[in-house]
Amino acid sequence: MENISTLSSSSVQYYVTSRKWLSDLEFFKIETAFLHRLLDEHFTPLSDQTYILKLRQVGKRLLNLEKDEKEAHQLIKDQLKRVELISENLIPEIKEALPVAQAELEITMTKLTAEYREVKKELFRLVECVMHKNKFLLS
């Protein structure tokens, strides 16, 4: 994006915010891989009747989260591409279009972040319960 100075200040802000969100999504991918490894490592004790329902719920939420991450990633890439095309004077800067798309992205990222935190907390609580029970049984 070479001609960033030709953009309105709000478009520049949209670009910067979208880049930050893209970085957040990359971090989510790394942490999601960690959460999958955590589930894999504790799968046998989590498969016990005591935890199986919670395991299914967390697993389903984690898969939905990954789907939502991919969709958000594509929406953000589209927004960045629009701003880049505007900066290169390849498409006109329609004053109403970018703010609407940005507001939708803000809602998407806020929901995604909140859901991610909840899934992570739920998974950690579940694994902590299993680890505590196993530690108690081994004592």
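Table for the structure above
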quantity: Hz values of 3J(HN,Hα) by residue in region 107-114 - Karplus curve (6.51, -1.76, 1.60), Gly and Pro given as x; calculated: 5, 4, 5, 5, 5, 4, 5, 5
quantity: Estimated [θ] at 222 nm from DSSP helical runs (n ≥ 4, -39500 (n - 2.57)) normalised by residues in the chain, nearest 500; calculated: -30000 deg cm²/dmol
quantity: Proximal aspartates and glutamates to Lys77, defined as alpha-carbon separation beneath 16 angstrom and excluding residues fewer than eight positions away on the same chain; calculated: Asp24, Glu26, Asp68, Glu69, Glu104, Glu106
quantity: 21 Å Cα-Cα threshold exceeded, pairs from Lys20/Lys54; Lys67/Lys111; Lys29/Lys60; calculated: Lys20/Lys54
quantity: Whole-number Å³ per residue for the convex hull built on Cα positions in region 9-137; calculated: 94
quantity: Average accessible surface area per residue within the chain, 1.4 Å rolling probe, Å²; calculated: 65
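The values are calculated or read from the model by the stated rules, or taken from the named source; none is laboratory data. Predicted model only: the values in this text are computed from it and were never measured. Remember, those area values only see protein heavy atoms, side chains included, never the ligands or the DNA or RNA. Shrake-Rupley method; radii C 1.70, N 1.55, O 1.52, S 1.80 Å.
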